[in-house]
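Everything on this sheet refers to the single structure shown next.
The values are calculated or read from the model by the stated rules, or taken from the named source; none is laboratory data. All figures in this text were calculated on a predicted structure; none of them were measured in a lab. All Cβ positions, glycine included, derive from the backbone under ideal geometry; neighbour counts span all protein chains shown.
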Amino acid sequence: MVDMEAKNVKWARAINYNSSEVKLQGNYYFLSEKKKNYCIHPETGDVLWENRNEFYFIDPFLNIGVGYPLQSLSNKLTAVDLSNGKELWRKKVNRICGWNDAYMLDDTTLLISVDGIRAINLTNGKGWTYKASTSNKEIGKMIGFNAINIILGLIFDLYVLQTEPNTYSDMVSNMLIDPYENTILASKDRISKIDKSGKIQWSTSLPEKKTSKSSLFLIDTNIFMINRGYAQYNRNFSMVGAPYFASFDLQSGKQLFLTSIAEKKEFIRNFQVVNDRLFVVFEDKIAAYSLSDGSMITEKALELHDGEFLDVFVVSGIYWKGNEPFFKELISDFSNHNFMMTSKGRIFVLTDNLETILVYGKPDLYHKITDNSQYTLVSNNNTDFILLDNSYVPVGTIKTSGDLLINKDKLFFFDKDSFWEINLTQFNQPSNLWHSIFKNRYRRLSRC
């Protein structure tokens, strides 16, 4: 631990990087070694307490952490008082395929999306359970496979048996919380609304053969569901079901529409809502759908390079070099447009009708790394960094391979075996001065 004011090492502790892990969770430092988890005092490095749990969730206000035993397949969820390491309660909560989502519903209630919803009061472990089908085990296929191999084994004296069924999992949505603290969840066969006491308000069937991983969002009194067309198969990505777009009434659960998206061997990679339109992204094209009735408005394929595919919509934090010496954020020039980034870092500027206005190449674009109220640090290769002032004029450059962060008026980063601190107040000079410095610097470089 380094004292950043005094610039000296406050304490040090030897660890085995092959078998140990250090985590900062909330205001707590944890060192896990083998089957023990140590809570470390940040000022002294002393061990405050130890237990065997890896924390999945920490609430900083209640000072409670919940987790499972380290290096174990146990499903026993344990709550720990972080002030002294004492166990508060234990209960069985499945984690075989991990948690899908976690959310604090109120001051004490943690919602966990796992095989449905588990609502747990962190102080005493009490709560309720809503069970939902979010996975599919292929037990029949396993039985058939083993039956055939037993017969072949009797013939050839070689036995190959499957001990665990292949499993589709993560066939579930995010937990959507409405203004009245009701929770809406879509599983592989239905979408339901559950109130804060665990009572099911309504439940509407979904097409089970089509439904997989999904995303929910709420606009006014309408729930919108985007079925993504993929899930996990034996914990690996797999295309499952078929993409579709649906809407339901928040109060009654009535299905307002369900639009199938006929894309063979495709899945929805990303989506964005703009005004009354939903934009969904596939490998090489984007489609726009109406939020009022689910009908398709338009669809466009974009001109991509070999091996390139569409990736994500970006909203902010992307800059390009405008007129000397200024950098500009893309959104400042195209505030009413959409920005589609590809797998190769190019950005398409699109209208709401999906007409291409401009295409920026990766070398022309800079991504925001970190910032404060006075400065923004950008880079287009994560090696060469440019420090911009409030007017987006460059005032400094840094070449490093480490992570950088700005805290108040200081910039920190690692470079090889050194840790650097730069006082940013030294860059408080008029923009025209920096313009002159950088302009002359670029001229010298061009002459070399």
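Laid out as a table, the results:
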quantity	calculated
Evaluation of Asn381 against (1) in contact (Cβ under 8 Å) with a residue 12 or more places away in the chain; (2) under 29 Å from Lys416 (Cα atoms) (one fails), failing number	(1)
The lone exception for Leu70 - which of (1) within 25 Å of Arg235 (Cβ to Cβ); (2) surrounded by fewer than 14 Cβ atoms within 10 Å (Cβ to Cβ) it fails	(2)
Residue check, Lys254 in contact (Cβ under 8 Å) with a residue 12 or more places away in the chain and at positive phi	no
Tally of residues being under 31 Å from the mean Cα position of the chain (by Cα) and not in a strand (DSSP E or B) across region 5-34	8
Region 211-246, residues that are crowded, with 20+ Cβ neighbours inside 10 Å and closer than 23 Å to Ile200 by Cα	Thr211, Ser212, Lys213, Ser214, Ile223, Phe224, Met225, Ile226, Asn227, Ala246
Residues being more than 26 Å from Leu291 (Cβ to Cβ) and either in contact with a helix residue (DSSP H, G or I) (Cβ under 7 Å, 6 or more places away or on another chain) or in a loop (DSSP other than H, G, I, E, B) (or both) - total across region 196-243	6
Residue within region 41-48 that is surrounded by fewer than 13 Cβ atoms within 10 Å (Cβ to Cβ), charged (D, E, K, R) and touching a residue at least 24 places away in the same chain (Cβ under 8 Å) present	yes
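For (1) in the same structural domain as Gln232 (by TED's automatic domain parsing); (2) small (Gly, Ala, Ser); (3) outside any strand (DSSP E or B); (4) closer than 23 Å to Leu185 by Cα, each residue gets a yes or a no:
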site	(1), (2), (3), (4)
Tyr56	no, no, no, yes
Phe61	no, no, yes, no
Tyr68	no, no, no, no
Leu77	no, no, no, yes
Asp106	no, no, yes, yes
Leu110	no, no, no, yes
Ala119	no, yes, no, yes
Thr123	no, no, yes, no
